[in-house]
Amino acid sequence: MKMRKLSAGLLSAILAGVIMLSGCSETVDTQSTTEAAQTSETTVEVTETTKELWSMEQVLGTEAANTTNDKKAEEAELLDLYEATYKPADGYMDTREDVTYGERVEITYFSTTTGVDRKANVILPAGYDENVQYPVVYLLHGIGGDENEWFQTKVIEIIGNLIADGEVEPFIAVVPNIRAREKDHDFSDMYEQSHFDAFNNFINDLENDLMPYIADNYSVYNDREHNAICGLSMGGMESLNIGFRLQDKFAYIGAFSPAPTLDTSILKVDDETIAPEFVMIVTGSADSTVGDNPYNYHKVLEQNGVDHMFYLVPGGQHDFAVWDEALYTFLKNIF
């Protein structure tokens, strides 16, 4: 990736932010993240400064940057493995005549966390039966998205084809708005702390409001072995954040092009936590928006001895071409 030269002032500001973050306690509201995403409702302009901030770990010189040759060798190996190991089967997201697809249902639930009714989408598997218990996948959007972002792509077809082919058992997908505040469709403060705080607050809305609503209104399992969480960009970072903080509730964690700046001290398993059944991080090899952040999260997990899958999509950028593939691969490896 081509490096951009930072002014002394901007570099000082980044350093100050890193120092501030490094001293944060392990609470759910200590992250500060930025991300570029485009939805049907909102277009987010990615400025050069934004990209510089997102790539700050490269500029500041992390352990990964100090082992450039090793990193390049690992990336080359991962790119070689892609065709044989990670590339989805042809037609994985096509609409097929032999498949009956699931139903998208819009729900409204009251959030004690935000004090207002909130909307989410539920994808029920074809032939949903109230007498059968189903696993649940929570699918999270990016900073410029909402509960409708994943429906820009063929998420229903990806899920339906995998179920029809026996690659994953039938499950319920919940696609929420992870901007947890009263005005949860307000994008006016896109790169301000108030906006980041709303995303960080979703862990409370999820645990205290949305998950209980799903349990009360749908026939689902109520154990971690049947709960998964995954997401793109900001949602990918929050999936890591939530999955590792709520290890008693989620056994499967997927982060697709995850954004900074996660408190990486949580990416561990010890005597007080439960090891996840499956953790996956994927990013595009040409993603200049999140830069080295996914790779650095991978290295932290590796250093902490946490078993996980990490791979690169050759030439992939910060878009659904990567995230569709990531969702497909993640779903094939859960439950």
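The values are calculated or read from the model by the stated rules, or taken from the named source; none is laboratory data. As the structure is a computational prediction, the values presented were derived from the model and not from experiment. Here the Cβ positions follow ideal geometry from the backbone for every residue, glycine too, while neighbour counts run over all protein chains shown. What goes into the accessible areas is simple: the full protein's heavy atoms, side chains included, and nothing from ligands, DNA or RNA. Shrake-Rupley method; radii C 1.70, N 1.55, O 1.52, S 1.80 Å.
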Using a simple charge model, +1 on the beta-carbon of Lys and Arg, -1 on the beta-carbon of Asp and Glu, nothing else, what dipole does segment 147-211 show about its Cα centre, in debye to the nearest 20?
-> 100 debye
How much net charge surrounds D129 when only the other residues with a Cβ under 15 Å from the Cβ of D129 are counted, with Lys and Arg +1 and Asp and Glu -1?
-> -3
Accessible surface of segment 230-335, 1.4 Å probe, proportion on carbon and sulfur as whole % = 42 percent
Using alpha carbons only, what's the Rg to Rh ratio of segment 261-302 with Rh from Kirkwood?
-> 1.03
Cross-link list K87/K299; K71/K249; K154/K299; K249/K332; K71/K268: which exceed 28 angstrom alpha carbon to alpha carbon?
-> K71/K249; K154/K299
With every protein chain kept in place and a 1.4 Å probe, the residues H318, H141 fall, from largest accessible area down, as H318, H141
Reduced to Cα centres, the span from segment 106-164 to segment 298-335 in Å works out to 21 Å
Cα gyration tensor shape for segment 249-335, rounded if a/c is under 1.5, else prolate or oblate = oblate
Residues of segment 127-166: accessible area per residue with a 1.4 Å probe, Å² = 34 Å²
For segment 139-144, 3J(HN,Hα) per residue [Karplus equation, 6.51 cos²θ - 1.76 cosθ + 1.60, θ = phi - 60°, Hz, x = Gly/Pro] | 10, 9, 8, x, 5, x
Roughly what would the spin-label model give for N304 and V116, points 7 Å off Cα along C-beta, in nm?
-> 3.4 nm
With charges set only on the Cβ (+1 for Lys and Arg, -1 for Asp and Glu), what does the dipole of segment 220-305 come to about its Cα centre, in debye to the nearest 20?
-> 180 debye
Would you work out if segment 133-176 is rounded, prolate or oblate? Take a ≥ b ≥ c from the square roots of the eigenvalues of the alpha-carbon gyration tensor; rounded if a/c is under 1.5, else prolate when a/b is larger than b/c, oblate otherwise.
-> oblate
